[in-house]
Amino acid sequence: MRPFILILCAISLLSLLFSSKIDQAEKLHGSANFTKYISAGRASQVKATPRVNTDTADLKKSGWYNSVIKNIDESEYYFRSDEKNNVYVTPNRKNNLRFTYSENGFTVGPRLRANDDWKIDFQLDRKQIGSGVWYIKNNTAEYVTDNITVQYINNEKGMRQNFIVKSPLSSTNDLKVNFNVQTQLRQILQNNRIRFINKANEVALNYEGLQVWDANGKPLEASIGQNGENDYSINVNTLGATYPVTIDPLSTGSVTVLEYNQAGSSMGKSVASAGDVNGDGYSDVLVGAPKYDNGQTDEGVVFVYYGSASGIGATANVTLEPNQAGAGFGNSVSTAGDVNGDGYSDVVVGANFYANGQSQEGATFIYHGSASGLTNTPAVMLESNQVGAQLGTSVACAGDVNADGFSDIVAGGINFFNGQSQEGGAWIFKGSATGISDCRSNESMGLAYSLRHRCNAGHHSFDDASRPA
């Protein structure tokens, strides 16, 4: 009987995971698309299984679970048929774009339109391309004709349009593939990139990344030319080339969407500039996810993204975490300025439910920048030492409040008590050549005590601390 019970428990556990992920997938992709990914019979079985409260932390670390999540995420970029309009469509979450494909070319617009509603039609030269047949597999579609195969590959990098030219289209060594653009957006062609500018003077789409090679993998010289207001061509020097020749431009959005695909993580609860934490001349970005699980439930994390000449990448360079369940780390984030005067920006993170002797006292963590950026080890942790004070509810750079050349920070504790219940408090911590220090080693009553007393003995004074009325 016992083995039978264990089997039932295992089935319930697997069902919970599938059921949760199916709900997510159906919201993102639509149930019709999801049936391509998982059999209808299994989907039906999962939906009929009762939900149970089960600790799935170990299973989430398994290769099986990670494989399922990866397959679901990838399936969002798959082609699906819109039979009513006789077209194919793909969303592109990372670039916030949505594409529609037909034998005439493709149309692109924002995936989430919000206040920026635009459309661009890229129309092929039908006489040059010819009539063909569609072949679809996952995130790749091919429109195959006798002259050219037009291939579309949709992934996190953007939507790549390949022209695979099977044989010369003329008697010269100049290969030219023509296309026309119809849009209300302003168009700028520069350095083999077409930028499409919206009414807010922002880049809505880039048509760029042109690469060309022949059947032997030999790179070929190529450029994008403008032949009229809306007429363009990709021009390739095919001298000495072996056909077929592949022409490979990429359509990307100007927006980088940052996400980590964990249900309930509250990523984006807090966001801020980190300043330049690694001194490379580019500003960096902080994104808080106070309910993220990475070994501990709802411990929270902060994702740090380094800037570069190409902007912010979709993958975090550093992940900061407290390794304490329920800490709410990342509820607030901010640049701290340069608290120790070493020339690198530092950051401050609030964890308003952190406990270190007192339940939900909260804590504020300071991380120093360096030539290599941030590490996951804080330079200092500041606590309230009062039950329920929730220090770290808010954090910010305070500038240089005493004009000593070092940046200072301010942190709020929304439920701090000092005579009135839940009156709240805010504290300013001063920078120095060694950064910001915690005076608790010299004042047994800790941060609450520092509201009325000075903490000297080689450490910073907390007497600048103030409480809002």
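Label 7 Å along Cα→Cβ of Asp280; the stretch 338-363 residues with amide nitrogen under 12 Å? Inside the label zone: nothing.
Just so you know, the Cα atoms of the stretch 111-172 work out to an Rg and Dmax of 14.7, 49 Å.
Structure note, pairs Lys127/Lys157; Lys157/Lys291; Lys119/Lys199: Cα-Cα distances above 23 angstrom occur for Lys127/Lys157; Lys157/Lys291. Put simply, the stretch 109-234 fits an ellipsoid with semi-axes of 26, 18, 14 Å; these come from the alpha carbon gyration tensor as the roots of five times its eigenvalues, largest first.
When the scattering of the stretch 268-340 is computed by the Debye formula from its Cα atoms alone, each counted once and equally, what is log10 I(q)/I(0) at q = 0.18, 0.19, 0.20, 0.21 Å⁻¹? Calculated log10 I(q)/I(0) at the listed q: -0.68, -0.74, -0.80, -0.85. P(r) for the stretch 273-405, from all Cα pairs and a bin width of 10 Å, is 14, 43, 32, 10, 1 %, short bins first. Here the Karplus curve 6.51 cos²θ - 1.76 cosθ + 1.60, taken at θ = phi - 60°, turns the phi angles of the stretch 322-327 into couplings of x, 6, 9, 4, x, 6 Hz, with x standing for Gly and Pro. Nonpolar atom fraction for the stretch 264-336, defined as the carbon and sulfur part of the 1.4 Å probe accessible area, stands at 46 percent. Label separation (Ser308 vs Gln358): 4.4 nm, computed from points 7 Å beyond Cα along the C-beta direction.
The values are calculated or read from the model by the stated rules, or taken from the named source; none is laboratory data. Note that the coordinates shown come from a computational prediction; the quantities given were computed from them, not determined experimentally. A quick note on method: Cβ atoms are made from the backbone with ideal geometry, for glycine too, and the neighbour counts reach across all protein chains shown. Just the protein is used for accessible areas: all its heavy atoms, side chains included, with ligands, DNA and RNA removed. Shrake-Rupley method; radii C 1.70, N 1.55, O 1.52, S 1.80 Å.
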